[in-house]
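*Asks:* Can you read through this structure? Questions will come right after.
The values are calculated or read from the model by the stated rules, or taken from the named source; none is laboratory data. All figures in this text were calculated on a predicted structure; none of them were measured in a lab. As a convention, Cβ positions derive from the backbone with ideal geometry for all residues, glycine included, and neighbour counts pool all protein chains shown. Heads up: the accessible areas ignore ligands, DNA and RNA and are worked out on the full protein's heavy atoms, side chains in. Shrake-Rupley method; radii C 1.70, N 1.55, O 1.52, S 1.80 Å.
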Amino acid sequence: MRSLEHKVPPPVVGAVIALLMWGLSKLGAPLPLGDVPRYAATAVLVAIGLGFDVLGLLAFRAKRTTVNPLRPEKASALVDGGVYRITRNPMYV
């Protein structure tokens, strides 16, 4: 399938989505919360996301396989344990 030949790396997808979220946030009214609760909620969400990412990378390392989605031929194992029991792709969380 030729459509699968043009692959976009996950960091690029994340950066584009982050820019879109930032742009959309400028269109609406801010939440009626103070700065401290908003920053605390942001910190918690970022920590959860980074935690999923790190746990996913550690699961790949434990199975001794590649984390590069652009080179599936280099995969040597299917990772289905750890954080992969919770989500199919924690690196996108």
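*Asks:* Taking K and R as +1 and D and E as -1, what net charge do the other residues with C-beta under 13 Å from the C-beta of D80 add up to?
*Replies:* That sum, taken over residues with Cβ under 13 Å, equals +3.
*Asks:* Calculate how steeply helix 35-63 sits against the longest principal axis of the alpha-carbon atoms of the chain, using the helix alpha-carbon long axis, and give the answer as 0 to 90 degrees to the nearest 10.
*Replies:* For 35-63 against the chain, the angle is about 0 degrees.
*Asks:* Turning to a different aspect of this structure: Can you compute the helix-only [θ] at 222 nm over the chain? Use -39500 (n - 2.57) per DSSP H run of at least 4 residues, normalise by all residues, nearest 500 deg cm²/dmol.
*Replies:* Calculated mean residue ellipticity at 222 nm is -17000 deg cm²/dmol.
*Asks:* In the range 42-64, which residues have a backbone nitrogen under 20 Å from the label point lying 7 Å from T87's Cα in the Cα-to-Cβ direction?
*Replies:* Under cut-off, by backbone N: 42-63.
*Asks:* Right, something else. What accessible area per residue, rounded to a whole number of Å², is obtained for the chain using a probe radius of 1.4 Å?
*Replies:* That works out to 84 Å² per residue.
*Asks:* Could you work out the relative contact order of the chain, using alpha carbon pairs under 8 angstrom and six or more residues apart, expressed as a whole percent?
*Replies:* So the answer I get is 30 percent.
*Asks:* Label-point separation (nm) for N68 and K7, each offset 7 Å from Cα along Cα-to-Cβ?
*Replies:* The answer from the label model is 0.9 nm.
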